[in-house]
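**Q** Sharing a structure with you now.
Readers should treat all values here as calculations from the given coordinates under stated rules, not as data from a laboratory. It should be emphasised that the depicted structure is a prediction, and the values quoted were computed from it without experimental measurement. All Cβ positions, glycine included, derive from the backbone under ideal geometry; neighbour counts span all protein chains shown.
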Amino acid sequence: MTPFVDVAFLILTFFILATKFKPEDAVEVKTPGSVSSIAVPEKDAFMVTVDKTARVFVSLDNAQFKQVLIENINTTRNLGLTPAEMKVFIDAPSVGVPFSQLKGLLQLDPEAMKKVVQPGVPCEDSTGGELNYWVRDALVAYSGRKLNLLIKADNDTKYPAFKNVLNAFKLNDQNKFLLITAPEDAPMGTPLFETRQKQISGEATK
Amino acid sequence: MASMDTGGGDEGHKKGPGVKKAKKLSTRVDMTPMVDLGFLLITFFIFTTTMAQPTAMNLFLPKDVQKPEEQNKVKESGAFTIILGKEDQIYYYEGLDPTKLQASNFKGIREEILRKKQTTNLEDLVVILKPTPDATYKNTVDILDEMTICEIKRYAMVDVAPQEYQLVKITEAAAGIK
């Protein structure tokens, strides 16, 4: 029994160390797989999440710049947010409401906010909707520093919803994105598979 | 189940006369609750662990050009257009004539792309991806991924032309895809 318990605790230790809690998202999104192996940048990521019903959520993971972002949004969109409401915004994982509802959302306490079904940031039309302003003010907040633009969409998101998001970025002269995907291996016998095999054997012979 | 008390053999051991029997306390502890808790934690961490970290896929889009003379021209021999339709269906045609539309799916399209790649001058080859409004995001990512898998250097993602969309709709109606 003792060896058994020992092994069990070894496994326990492994899982404790290997676990990395993922930040809570406002929506559940199942991302498609891709053969790409680029790691998702961990900081300075402006993420636009699109769920399967085409609701759009925005989030920024750097609290310092998030502060600047919400201050910008507050002045340019004339929202009249109090410093306390801005603090709630900084602590919130992601928001997906039109500007008209933002103040109301931020007045809720964090627990109640999780339960609210957010309608998504409007970005339907060719002007990029309100997402356009979010992107613009995020870029202003970063003022030339490197900002990673991430798009995370669901498998079942329709293409027009994705295109609207791209459009909002394009209006701000942003053309480089990272799409969040689940890792997959290159299928056997394809050119990419061959190239990767060569790379591996090349590294082995070095 | 997990009784670990092995002490208890004291009675049978006789000391000499007049020697007081020192009561020997067992140093063994019942570990059952600890082990139970251990397993509970293992189960918890197994369920919460995300082993595969998400990866990111690069997507570079060209700037919109307004003037037609600034747009890149595609040679007819090198053009290969892929239209993403409903229900994970793919339609493709070679050259610039959309009426030569052929149906395929995500399993079959790789062969077609590779065949085109082999039979065409690589400098002329341009794959044009046109997701229709009925295509899903997964289809879009999959076809972009297919470009990486087949190592297509030049590809473009553009909106589907109305007449092509009409053709696709007719084909879909004929094939009974709702």
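**Q** Return the long-range amide H neighbours of A:I38 (sequence gap of 5 or more, or a different chain), with a cut-off of under 5 Å between placed amide H atoms.
**A** When sequence neighbours closer than 5 places are left aside, the close amide H contacts are B:A56.
**Q** Spin-label point model (7 Å from Cα, Cβ direction): what's the A:V140 to B:Q118 distance in nm?
**A** 5.6 nm
**Q** Let me have the relative contact order for the range B:31-178, percent, based on Cα pairs under 8 Å that are six or more residues apart.
**A** Contact order relative to length: 21 percent.
**Q** For the range A:72-132, rounded, prolate or oblate, judged on the Cα gyration tensor with a ≥ b ≥ c (square roots of eigenvalues), a/c < 1.5 rounded, else prolate if a/b > b/c?
**A** Oblate.
**Q** Separate question: Taking the number of other C-beta atoms within 10 Å as the exposure measure, put A:K170, A:K114, B:K73 in order starting with the fewest.
**A** Listing A:K170, A:K114, B:K73 from fewest to most nearby Cβ atoms yields B:K73, A:K114, A:K170.
**Q** For the protein assembly as shown, give me the percentage of DSSP beta bridges that are antiparallel, rounded to the nearest 5 percent.
**A** Here the share of antiparallel DSSP bridges comes out near 55 percent.
**Q** Also: For B:Y155, which sequence-distant residues (separation of 5 or more, or a different chain) have an amide H within less than 5 Å of its own amide H, given hydrogens modelled in the peptide plane?
**A** For B:Y155, the qualifying residues are B:V127.
**Q** Another question, if that's okay. Between B:V29 and A:E184, what is the spin-label point distance in nm, taking each point 7 Å from the Cα along the Cα→C-beta axis?
**A** 5.1 nm
**Q** Apply 1/(1 + (r/R0)^6) to the Cβ-Cβ distance of B:A22 and A:I11, taking R0 = 45 Å, and write down the FRET efficiency to the nearest 0.05.
**A** 0.60
**Q** Rounded, prolate or oblate: which fits chain A when a ≥ b ≥ c are the square roots of the eigenvalues of the alpha-carbon gyration tensor, with rounded for a/c under 1.5 and prolate only if a/b beats b/c?
**A** Cα axes put chain A in the oblate bin.
**Q** In deg cm²/dmol, rounded to 500, what helix-only [θ] at 222 nm does the protein assembly as shown give when every DSSP H run of at least 4 residues adds -39500 (n - 2.57) and the total is split over its residues?
**A** -12500 deg cm²/dmol
**Q** Within 10 Å, at most 11 other Cβ atoms, and a DSSP state outside H, G, I, E, B define an exposed site. Report the longest part of chain A free of exposed GluC sites (Glu not before Pro).
**A** Between exposed loop sites, the widest span is A:43-206.
**Q** For a label point 7 angstrom out from the Cα of B:A156 toward its Cβ, which stretches of the range B:117-141 have the backbone nitrogen within less than 15 Å?
**A** Answer for the range B:117-141: B:124-131.
**Q** Out of all DSSP beta bridges in the range B:27-164, what portion is antiparallel? Express it as a percent rounded to 5.
**A** 50 percent
**Q** Output the antiparallel fraction of DSSP beta bridges having both residues in chain A, as a percent to the nearest 5.
**A** Here the share of antiparallel DSSP bridges comes out near 40 percent.
**Q** Enter the angle in degrees (range 0 to 90, nearest 10) between the Cα long axis of helix A:2-18 and the first principal axis of the Cα atoms of chain A, meaning the one along which they spread out most.
**A** For helix A:2-18, the angle is close to 40 degrees.
**Q** Separate question: Give me the inter-chain shielding for A:184-192: mean count of other chain Cβ atoms within 10 Å, whole number please.
**A** Rounded to a whole number, the mean comes out at 4.
**Q** Only four residue types carry charge here, +1 at the Cβ of Lys and Arg and -1 at the Cβ of Asp and Glu. Report the dipole size of the range A:44-185 about the Cα centre in Debye, rounded to the nearest 20.
**A** Dipole size: approximately 220 debye.
**Q** Give me a single rounded figure for A:155-163: the average over its residues of other chain Cβ atoms within 10 Å of their Cβ.
**A** 6
**Q** Shifting gears a bit: When the dipole is taken about the Cα centre of the protein assembly as shown, and only Lys, Arg (+1) and Asp, Glu (-1) are charged at their Cβ, what size is it in debye, to the nearest 20?
**A** I would put it at about 1100 debye.
**Q** If you don't mind, another one. Using amide H atoms built 1.01 Å from N in the peptide plane, name the residues 5+ places from A:A182, or on other chains, whose amide H lies under 5 Å from its own.
**A** Those qualifying (amide H under 5 Å, at least 5 residues apart or on another chain) are A:G33, A:S34, B:T55.
**Q** Which FRET efficiency value, to the nearest 0.05, is calculated for B:I170 and A:E28 with the Förster distance at 41 angstrom and r the Cβ-Cβ distance?
**A** Using R0 = 41 Å, I get an efficiency of 0.65.
**Q** Once each part is reduced to its C-alpha centroid, what is the distance from the range B:76-109 to the range A:92-146 in angstrom?
**A** One Cα centre to the other: 38 Å.
**Q** While we're on this one: Listing A:C123, B:C150 from the residue with the fewest other Cβ atoms within 10 Å to the one with the most, what is the order?
**A** In order of increasing Cβ crowding within 10 Å: B:C150, A:C123.
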